[in-house]
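Inspection log for the structure reproduced underneath, given as structure tokens.
Computed from the coordinates by the stated procedures, all read-outs in this text should not be read as laboratory data. Every value quoted in this text rests on a predicted model; they were computed, and no experiment measured them. Reconstructed Cβ throughout: ideal geometry from the backbone, glycine too, with neighbour counts over all protein chains shown.
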Amino acid sequence: MKIAINARFLQAGKLEGLGWYTFELCKRWVETHPQDEFVLIYDRPQDQFLIAGPNVVSRVIGPKARHFFSFWYWFDVQLPRILRQQQVDVFFSPDNFLSLTTSVPSVLTTHDIAHFHFPAQVAMVHRPYYWWFVPKFLRKAKKILALTEFGKMDLIQHYQVPPEKIVVVPNGTREVFQPLSPAAQAQVKTQFSQGYDYFFFLGAIHPRKNLIGLIQAYEKFRVKTSAPVKLLIAGKLAWQVAEITQIHAQSPFRDDIIFLGYVAEDVSAQLMASALALCYLSFFEGFGLPVLEALCTDTPVITSNTSSLSEVAGAAALLADPHDTAAIALAMQRIWAEPKLRAELIEKGQQQRQQFSWDEAATKIYAVLESVAHKNKVKVEELKS
């Protein structure tokens, strides 16, 4: 089988969510299916190709697909040409976008439809693109991968996708997210929180992540308890952050609310494993990978009772309405004051995390690709006869 893969986000030294998703799947397929050929298609030159091997072909086609016109040109003009030249059996796009003009059968991962629920948080120039093209992508794909049952139902409800077209395959987590010894945790606290316990947030910073609500809840927690606990926030400033930075600047506890900016993956894993709890009170997620990463580091979780987050966390988290800062503050207070509760959440997290595996995800998605390619081959042969 010859599989083409949209590798736009496979950028060495710059891997984030979509890039890691692509990387974890591709590296496993290349290793476990040496009989297949994998054509990885990039939208910019690479100093280093992260996925390489005797069964890997790397192709770079421009332009960089990062705005409306370049999206269209890359996916619907440049990409079909490469797919024809390479004579691939199936095309996999792991990043929500698809070619509408190729005749090659396609499999699409739709990570979420946040653009539908929060259109005001999408740049004006991109809104028409999502409105016009996303329904077409969903119709074009032979199979659609969702990360959670919530994500599947969201597609069915809002885009009328037939249920049988959607396959739910959860993410895994990277091996770097492991528990730390008490001594190692103490070193992390010395380095990042002046030796104090801390609550932790990890993720890109923008309105949907509800950092304003988290800061306000933290303030209520501090007023209620007077506990010398910090709030550490790790992640790059993404978009619409002015109000978040203003709320932080005006907080009476601003010196204890520490914005770390973007941190490397190994550092974020250490910060996660040393935290009193992960506080991930997003308004909406298609999966919520930091929740799973916290479970893998034996870190208790406080997360939202909305979208996919309760599905990923299971019984291993305290759930709160992300709009209710008093409820979030109470959850923080319980985590701080009840060691028995912390121990119970950690034990439940050790069980919950067993449901998530990149090995299993790669196996399931490969089977989908194989099925789509086989059905198309049979169809082509029938048309010839």
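The table below gives the values:
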| read-out | value |
| --- | --- |
| Two-site FRET efficiency, Leu260 against Thr225, from Cβ-Cβ distance with R₀ of 22 Å, rounded to 0.05 | 0.40 |
| Estimated vicinal HN-Hα couplings, Hz - region 247-261 in sequence order (Karplus 6.51, -1.76, 1.60; Gly, Pro = x) | 4, 4, 4, 8, 5, x, 10, 4, 6, 9, 9, 10, 8, 8, x |
| Karplus 3J(HN,Hα) series, Hz, for region 282-289 with 6.51 cos²θ - 1.76 cosθ + 1.60 (x for Gly, Pro) | 4, 6, 7, 9, x, 9, x, 4 |
| In region 148-238, GluC sites (Glu not before Pro) in a DSSP loop with at most 12 other beta-carbon atoms within 10 Å | Glu175 |
| ³J(HN,Hα) computed for each position of region 351-359 - Karplus, 6.51 cos²θ - 1.76 cosθ + 1.60, integer Hz, glycine/proline x | 7, 4, 5, 5, 7, 10, 8, 5, 4 |
| Label-to-label distance, nm, for residues given as Glu347 and Thr32 (7 Å Cα→Cβ offset) | 3.3 |
| Charge dipole (region 258-354, unit charges on Cβ, about Cα centre) - positive-most of Ser308, Thr297, Leu260 | Thr297 |
| Mean residue ellipticity (222 nm) of the chain, computed from DSSP H runs ≥ 4 via -39,500 (n - 2.57), nearest 500 | -13500 deg cm²/dmol |
| Calculated FRET value between Tyr73 and Lys14, using beta carbons and R₀ = 22 Å, to 0.05 | 0.45 |
| Simple spin-label estimate for Lys136 and Asp359 in nanometres, 7 Å along Cα-Cβ | 4.2 |
| Student exercise, the chain dipole from Lys, Arg, Asp, Glu Cβ charges, in Debye to nearest 20 | 960 |
| Nearest-ten-degree value, helix 325-337 long axis tilted from longest Cα axis of the chain | 70 |
| Proximal charge balance of Ile5 [Cβ under 13 Å; K/R count +1, D/E count -1] | -1 |
| Sites Val57 and Ala238 - FRET efficiency at Förster radius 45 Å, r taken between beta-carbons, to 0.05 | 0.85 |
| His323 paired with Lys64, simple spin-label distance in nm, labels 7 Å along Cα-to-beta-carbon | 3.9 |
| Where chymotrypsin sites (Phe, Trp or Tyr not before Pro) fall in DSSP loop in region 246-354, at most 13 other Cβ within 10 Å | Tyr262 |
